[in-house]
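Read through the structure below, which is laid out as structure tokens, and then see the notes.
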Amino acid sequence: MPRSKREWLEQCYPKDKDRIGRFTTISDSVVDPLYTPEDVGDFSYERDLGYPGEYPFTRGVYPSMYRGKLWTMRQFAGYGTPEDTNERFRFLLEQGQTGLSTAFDMPTLMGYDADHPRARGEVGREGVAVSSIADMEALFAGIPLDRVTTSMTVNCTASILLAMYFAVAERRGIPLSKLGGTIQNDMLKEFIAQKEWICPPEPSVRIIVDMIEFCTREAPRWHPISISGYHIREAGSTAAQELAFTLADGIGYVQAAVDRGLDVDAFAPRLSFFFNVHNDFFEEIAKFRAARRMWAKIMRERFGARKPESWRLRTHAQTAGCSLTAQQPLNNVVRVAIQALAAVLGGTQSLHTNSMDETLALPSEQAVLVALRTQQIIAEETGVANFIDPLGGSYAVEALTNQIEAEAWAYIRRIDELGGIVRAIELGFPQKEISEAAYRYQRQLESGEKVMVGVNKYQVQEEPPIEILRVPPEVERKQVERVRQRKQTRDAAVVARALEKIRRAAREGSNLMPPIIEAVKREVTVGEISDVFREVFGIYRDPAYI
Amino acid sequence: MAERPLRILIAKPGLDGHDRGAKIIARMLRDAGYEVIYTGLHQTPEMIVETAIQEDVDAIGLSILSGAHMTLFPDVLERLRERGASDIPVFGGGIIPPEDVTALKQLGVREIFTPGASAQEIIGWIREHIRPRGD
């Protein structure tokens, strides 16, 4: 009998029978044939895992995990006019969804009103069009803002959209202290991956710190940021890069807030995260476990946070859009189910499951329903939610968790050496690392080393058509018309005064949130406030690395 | 004398920031021996046509994932016509439903590649259909 893994590999393992030359994860990390106690080295249960709800939270951030409360099922939705999206929201809530998640259209995300020439062709296409508070009112009409939690995916105009949401709540007599939800508001990952920006990194981070400061004081149940790896992964990063750059962004925000003079334990419990969940099942589970352990160490050791709530990495997860195929789209249902299972076994706090038709268009109602049902089946039929971290202690999963953590620490050290994440972004470091990984993966796809079923293997000639959602062109005309009309009926002097207050706060460095809230109440628009940002902070241009 | 290498403009019109595909194609084309000019993000059709003319390119590849393809492709074609440069062939890629692909081809877009298209497929198409413009 072999006495060590090495002996077993050398004497017993028939390497020549391997069906392929190299076994790797989707991130191109080599996978051993077998993992044994030797692979987890000087493993210590207390130090490396601990109990769920206890530092370093490897096994989960809460003691009872899904036995106490299932993850929040939160489907990202938004298209057309605010009324169209409101209807989709109500449909999802009726179907048992437990939280809302809003997708805005590109003009709203990039700080242009629907009537701006640069918005042409994009109004209501990739999300819902919101130019002013009247649109926000219509978007959440009839939805009890004090009882649902809302997530808003918006970054460079986050301060404006959040101000609108707060103002709508106030009009309905709901105090800000009762509002629960999350705004993505993570600009660093925009420069790294998603590429929606207005101003350069430094002022962008300043606005975010303003929002963290404001929410800590005024809206303590709100998550003022969702530090996001999702888009980093979609841009083609490896799992370890996704983890490393996300945590490095987190370090950047915490440092900026601490530099402002905020008490780390006052705001850290409200930081939230957002990770991708891709196809490589065990690698993904390891990534979620490593993320929690790393963030706990970062907060306790690097920033000296004392409250356990500050050490917890609570996260949303979304299945990987980039893993879906336009070919044989029904296969996407299966991919999403497996990815969703990985997110649950990884211990996510909330989850969006992609719809099968998302490589073709915005999801149809039927496709969204299957995606939501996928989560409900995992939650209520498979029994996995009865267990807490059921893969903890698996030699393979623990070894992968350690490995991905080590890779991510190496990146974080490198970023620290470069002078921090903002500097690293200015140098293009994370951007170039991701481009390399994306290019390598594409080459592996083209050579057939990596497989996408239906794309480079098991193709079919004729694809049966599936029904897709189309946003009618009238939507844009209607929305442009509305925005123009509203602008005409306002008092121009009131608008100018409100904008002047924002301009002054931007220049003087006082918190931007109060004057923005005041302005949106006076129907000042997303585009008008963004113009002030452009004027005061300047415009960031794509360095266009290939 | 050997034909000079083709000059290809890869451009990202509109507001969406999804540049993974555009950048991979740009790099694959460069590796295949083409001269590639990549515009970077958030370009208007006007900016793209201006660059194409200034850089004297042999073809323009547009990458659009925002759903605005029925506005942006025709806009680029129209501006090329206005500038007397409609001999520059335009092709593209993105999340574009089949009916729109047909409509865009009727308008004069030479080819549309949809998700899952390989770089080899795109390079093969360029090799077959794009020629150096008269110099």
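Is it fair to say A:Arg118 is farther than 16 Å from A:Ile198 by Cα and assigned by TED's automatic domain parsing to the domain that holds A:Thr182? Here the answer is no, as A:Arg118 does not meet what is asked. The number of residues in segment A:98-117 being surrounded by fewer than 22 Cβ atoms within 10 Å (Cβ to Cβ) and of a type in the set (S, T, N, Q) comes to 1. When residues of segment A:490-541 are filtered for being in a helix (DSSP H, G or I) and of a type in the set (Ser, Thr, Tyr), how many remain? Final tally of qualifying residues: 1.
Being away from chain B (no Cβ under 14 Å), over 17 Å from A:His316 (Cβ atoms), touching a residue at least 40 places away in the same chain (Cβ under 8 Å) and crowded, with 17+ Cβ neighbours inside 10 Å is a property that A:Ile404 has.
Only residues that are free of Cβ contacts under 8 Å to residues at least 40 places away in the same chain and either farther than 19 Å from B:Ala59 by Cα or surrounded by fewer than 24 Cβ atoms within 10 Å (Cβ to Cβ) (or both): list them for segment B:8-25, please. Steps first, answer last, please.
From segment B:8-25, those free of Cβ contacts under 8 Å to residues at least 40 places away in the same chain are B:17, B:20, B:23; that's our starting set.
Passing the criteria: B:Gly17, B:Arg20.
From the list B:Glu128, B:Glu46, B:Glu50, B:Glu99, exactly one residue is within 14 Å of another protein chain (Cβ to nearest Cβ), in a helix (DSSP H, G or I) and free of Cβ contacts under 8 Å to residues at least 12 places away in the same chain. Which is it? Can you show your working first?
Numbers: B:Glu128 fails: within 14 Å of another protein chain (Cβ to nearest Cβ); B:Glu46 fails: free of Cβ contacts under 8 Å to residues at least 12 places away in the same chain; B:Glu50 fails: within 14 Å of another protein chain (Cβ to nearest Cβ).
B:Glu99 is the lone residue from the list that is within 14 Å of another protein chain (Cβ to nearest Cβ), in a helix (DSSP H, G or I) and free of Cβ contacts under 8 Å to residues at least 12 places away in the same chain.
Of the residues making up segment A:432-468, those that are more than 10 Å from chain B (Cβ to nearest Cβ) and part of a loop (DSSP other than H, G, I, E, B) number 11. Residue check: B:Gln120 meets all listed conditions (1) more than 24 Å from B:Ile24 (Cα to Cα); (2) of a type outside the set (A, V, I, L, M); (3) touching a helix residue (DSSP H, G or I) at 6+ places or on another chain (Cβ under 9 Å) but one, namely (1).
Condition test on A:Leu362, is it of a type outside the set (Phe, Trp, Tyr) and exposed (fewer than 15 other Cβ atoms within 10 Å of the Cβ)? Here the answer is no, as A:Leu362 does not meet what is asked. Scan segment A:112-168 for residues that are part of a loop (DSSP other than H, G, I, E, B) and of a type in the set (D, E, K, R) and jot them down. Scanning segment A:112-168 gives A:Asp113, A:Asp115, A:Arg120, A:Glu122, A:Arg125, A:Glu126, A:Asp146, A:Arg147. A:Thr36 meets all of the listed conditions (1) without any contact (Cβ under 8 Å) to a residue 24 or more places away in the chain; (2) in contact with a helix residue (DSSP H, G or I) (Cβ under 8 Å, 6 or more places away or on another chain) but one, namely (1).
Count of segment A:101-157 residues, restricted to those that are among the polar types (S, T, N, Q) and in contact with an Asp or Glu (Cβ under 6 Å, 6 or more places away or on another chain), is 3.
The values are calculated or read from the model by the stated rules, or taken from the named source; none is laboratory data. In this text the structure is predicted, and so the values were computed from the model without any measurement. Backbone-built Cβ (ideal geometry, glycine too); neighbour counts: all protein chains shown.
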